[in-house]
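A.B. asks: Let me begin by handing over the structure; questions about it come next.
Values quoted throughout were computed directly from the atomic coordinates according to the rules given, and no laboratory measurement underlies them. Quantities reported herein were computed from a predicted structural model and do not represent experimental measurements. As a convention, Cβ positions derive from the backbone with ideal geometry for all residues, glycine included, and neighbour counts pool all protein chains shown.
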Amino acid sequence: MSKTTVSVPDLGGADNVDVIEISVAVGDAVELEQDLIVLETDKASMEIPSPVVGTVVEILVAAGDKVSEGDDIMVVEVAAEAATEPAAEAEQESAEAEPAASPETKTEAPTQEVPATEQTIELTIPDLGGATDVDVIELSVEPGAEVAEEESLLVLETDKASMDVPAPKAGTLVEFRIQVGDKVNEGDVYAVLKTTAAAQPVESAAAEQPAAPAAKQPPAESAAPQPAAPESAPEAKPEPANRSSDVYAGPSSRRLARQLGVDLTKVNGSGVRGRITKDDIRTYVKKMLKQAESGSISAASGAGIPPIPEVDFSQFGDIELQPMSKIKKLTAANMQRNWLNVPHVTQFDEADITDLDAFRQQMKPEAEKQGVKITPLPFLIKAAAQALKLEPSFNVSLHADGEHLVHKHYVHIGIAVDTPAGLMVPVIRDADKKGIWELARESNELVEKARAGKLKPNEMKGACFTISSLGAMGGTGFTPIVNAPEVAIMGVSKAQIKPVWNGKEFEPRNMLPLAVSYDHRAINGADCGRFFTTLVALISDIRRLIL
Ligand code: CAO
C-alpha cells in the first residue's frame, strides 16, 4: 500500500484561501471523491475531494489555516491502486466547479435609456462557468413576490458548488418557467419578471442577460448571529434565516439536508461564521429523533401546532434547572400523546356517600386488626368494576385500526398513585371478582409498592378504566386525562357535607364529587350517561354492590 499526499488544486487564481472545515479525521476510510476539507474565499466555498480510496493517515492543515494552490493538505494511505489518475480529474473538476473563480461581476449588456414604464422580461440562466445540466435545488421566492435587484431568485447546484441566481432588476416575479429538480443550462429561460423601475438603462435584448450567479457567500462578519443589528453590511440578513437559500451551507451539506428532509433554516451552524456543516445537520436530526422518541418534541413537528417559544426565565429572576425523573418525563410524553389523540369529554356528578362513609367508619377497627387501611377507594374500585359489568358497552377500547371496538370480558381497574418519583398507575386485576377487604388490601399493597419504586411493568398494564383520587387533598372537581388505550378515567374530589333536598327538607348529606372523562371516539355521551348513573347509584347505595 502506498501513501499519497493530497494538495490544493487550482483555485482559479485565488490565494490564501481559508480552510473552514476538516471533513474527515485521521483513521477515517475515505471514498474516491469524498470531501476532505472545505475551503472558502470571500465569494464561494468549495470542497476538496479525495483523489483516492484509502485511509487518512495525517491531516496537514487545520480549520482557520490559509492555503494556496499546491499546498499539501492530507496524507492518505491508498487502498486501491487505481486512484492516482482521478486525482488530476478531481483537481480539474474542483477548479472548474469553483464558482469563485468566475468573477462575481454582472455581465453587462449594451444599454439604452428608455422611459419609465413597466416591462415584462424573460430571465435566462447566466454563464455557469462551463457547467451544464445544473440542478435547480430551490426556488427562493414565490410568484407574485416583489423582488429587489440582486435578490436571489433560485439556487443551482453542481456536484461541487451551489450558487444563487440573483434578480437582475427589482420588480415583480410573474412566474417561474422551471421547477425544483429541473436541469438547466446557460441561456435557458427560467422566469418572467415585471420590472417596476423608473427611467433607467435597461438591456436592449428582450431576454434579460442577468448577473452571473453568485456562489453561496459566507455572511459578512457583522451578519454573524448577534443580538445587535449589523451595521456595515446593508445586504446582511437578520438571523435566523427564514429561507434555506439564505443559510450559509456548502453544497454537500445542502445535499445531505435534502436527503434527510431537513429544513436548513432550523439548523444552527457551528462552522466558521455560522456555516452549517454536515455534522450540524446530523446533530439536528439526532436531536429531533430523540425529542420525538421522548415525546417532548413540540407538537409543531407532528400536528402542525406552533411550538411554545423557549424563554430564558433567568431574565425575570433567580432560577434553578432540575432534571425531570424518568417517570415524570414518561408521564409528560403519555399525557401529551393522550391529550392530542383522544377527543375528551368530561361528565360530572355527585354520589351520596353518607351511608358508605358511615359503614366505612364502622369497619375501621376491624380493618386495623387486619392491618388494612380502609378509605373510600376500595368501594369506588368495586363500584366501577360492577358498573363496567352492568354496562358492557362502556368496557371497550378503540382498536388501533380505528375501525373496531375491542369489547373486554375482563374488568381490570387502574389506580393513579402519586409517588415521589412521579405518577404511577398500578392495576388491580379482575376487580369485579374481589370483595372490599381484598380490594383494600391489594390497593394498599400496590400503593406501597408504587411509592417504593417496586412495581413490575406488568403490574401497570391492562387496565380497562382508571380511578384518580385527589379526595384526600381537596378540590371540588377536575378533568382527568384518559390513559389511552383505556376508554375512560374517573377523577374523585373531596367529599363534603352539603344540604340536599329530600323532597320535604334539606338534609345534610356527605356528597362525593366525581368526574368521568371518556374517549369520544369509542363511546358516546349516552353510553357515559348510563354508565355514570349506574356507578353513582352503586356508590350511593353500597348494598347494591353485593347483588
Ligand atoms: N373525600 C374525602 N376524604 C377522602 C377522600 C375523598 N374523596 N378520599 C380519601 N379521603 C380520606 C381518606 O379516607 C383518609 O382519611 P381517613 O384516614 O380519615 O379515613 C385520607 O383522606 C387519606 O387517604 P389516602 O390518600 O391515604 O388514601 P386514598 O385511598 O384516598 O388514596 C391514593 C390513595 C393512592 C389514590 C392517593 O394517595 C393518591 O396518590 N392520589 C393521587 C392521585 C393522583 O395524583 N392523580 C393524578 C391527578 S391528575 O389525573
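A.B. asks: Return the Rg/Rh value of the range 1-68, two decimal places, where both radii are evaluated on C-alpha atoms and Rh is the Kirkwood radius.
C.D. replies: Working: Rg = 11.9 Å, Rh = 12.4 Å.
We get a ratio of 0.96 for the range 1-68.
A.B. asks: Taking K and R as +1 and D and E as -1, what net charge do the other residues with C-beta under 10 Å from the C-beta of R177 add up to? Before the final figure, lay out each step's value.
C.D. replies: Details: positive: none; negative: E122, E175, D182, D188.
So the environment of R177 carries a net charge of -4.
A.B. asks: Which whole-Hz ³J(HN,Hα) couplings does the range 497-504 yield from phi under the Karplus relation 6.51 cos²θ - 1.76 cosθ + 1.60, θ = phi - 60°, glycine and proline marked x?
C.D. replies: In residue order, the calculated couplings are 6, 10, x, 10, 6, 9, x, 10 Hz.
A.B. asks: Could you run the Karplus curve 6.51 cos²θ - 1.76 cosθ + 1.60 with θ = phi - 60° over the range 507-514 and give me ³J(HN,Hα) per residue in whole Hz, x for Gly and Pro?
C.D. replies: Couplings: 10, x, 10, 8, 10, 9, x, 10 Hz.
A.B. asks: Could you please report the charge total around D65, scoring K, R as +1 and D, E as -1 over all other residues with beta-carbon less than 12 angstrom from its beta-carbon? Before the final figure, lay out each step's value.
C.D. replies: Details: positive: K66; negative: D18, E21, E40, D71, D72.
Surrounding charge for D65 is -4.
A.B. asks: Here's something else I'd like to know. Stretch A452-H344 to full length: gain in nm at 0.36 nm per residue minus the Cα-Cα span? Mind dumping the intermediate values first?
C.D. replies: On the way: separation 108, 0.36 × 108 = 38.88 nm, distance 3.22 nm.
Residue separation times 0.36 nm, minus the Cα-Cα distance, leaves 35.7 nm.
A.B. asks: Within a 10 angstrom radius of the beta carbon, how do H520, H404 rank from fewest other beta carbons to most? Walk me through the intermediate numbers first.
C.D. replies: Values: H520 15, H404 11.
With the fewest neighbours first, H520, H404 line up as H404, H520.
A.B. asks: So which lysines pass the test for K66, namely a Cα distance under 25 Å, with those fewer than 8 places away in the same chain ruled out?
C.D. replies: K3, K43, K160, K216, K278
A.B. asks: Ratio to report: Rg/Rh of the range 117-197, with Cα atoms as the point set and Rh obtained by the Kirkwood method; give two decimals. Present the calculation step by step, with values, prior to reporting the outcome.
C.D. replies: Values: Rg = 12.1 Å, Rh = 12.6 Å.
That ratio equals 0.96.
A.B. asks: May I ask you to derive the FRET efficiency for M288 and A537 from their Cβ-Cβ distance with R0 = 45 Å, giving the value to the nearest 0.05? Mind dumping the intermediate values first?
C.D. replies: Numbers: r = 51 Å, r/R0 = 1.13.
For M288 and A537, the calculated efficiency is 0.35.
A.B. asks: Which residues does the label zone of A148 cover in the range 168-194, counting backbone N under 17 Å from a point 7 Å along Cα→Cβ?
C.D. replies: 168-173
A.B. asks: Apply 1/(1 + (r/R0)^6) to the Cβ-Cβ distance of Q362 and N268, taking R0 = 56 Å, and write down the FRET efficiency to the nearest 0.05. Walk me through the numbers before you get to the answer.
C.D. replies: On the way: r = 67 Å, r/R0 = 1.19.
Computed FRET efficiency for Q362 and N268 comes out at 0.25.
A.B. asks: Follow-up question, since we're still on this one. What are the residues whose amide H is under 5 Å from the amide H of L154, where those residues sit 5 or more places off or on another chain and H is modelled from the backbone?
C.D. replies: Amide H neighbours of L154: S140, V165.
A.B. asks: Here is a follow-up. Taking a 21 Å limit on the Cα-Cα distance, which of the listed pairs K408/K494; K373/K434; K194/K266; K373/K461; K434/K461; K290/K461 fall beyond it?
C.D. replies: On the way: K408/K494 31 Å; K373/K434 16 Å; K194/K266 32 Å; K373/K461 24 Å; K434/K461 18 Å; K290/K461 25 Å.
Listed pairs above 21 Å: K408/K494; K194/K266; K373/K461; K290/K461.
A.B. asks: Next question, about the same structure. Distance from a point 7 Å along Cα→Cβ of R429 to each backbone N in the range 370-414: keep the residues under 16 Å and list them by number.
C.D. replies: 409-414
A.B. asks: Still on this structure, please answer the following. Output wanted: per-residue J couplings in Hz (rounded whole) for the range 467-483, from phi through Karplus 6.51 cos²θ - 1.76 cosθ + 1.60, θ = phi - 60°, x for Gly and Pro.
C.D. replies: So the J values, rounded to whole Hz, are 10, 10, 10, 10, x, 6, 9, x, x, 9, x, 7, 10, x, 9, 4, 8.
A.B. asks: For D71, list long-range residues whose amide hydrogen, built 1.01 Å from N in the peptide plane, is under 5 Å from its own amide hydrogen.
C.D. replies: V8
A.B. asks: Please compute the volume of the convex hull spanned by the alpha-carbon atoms of the range 413-538 and report it per residue in Å³. Present the calculation step by step, with values, prior to reporting the outcome.
C.D. replies: Numbers: hull volume 16.6 nm³, N = 126.
Hull volume normalised by residue count: 132 Å³.
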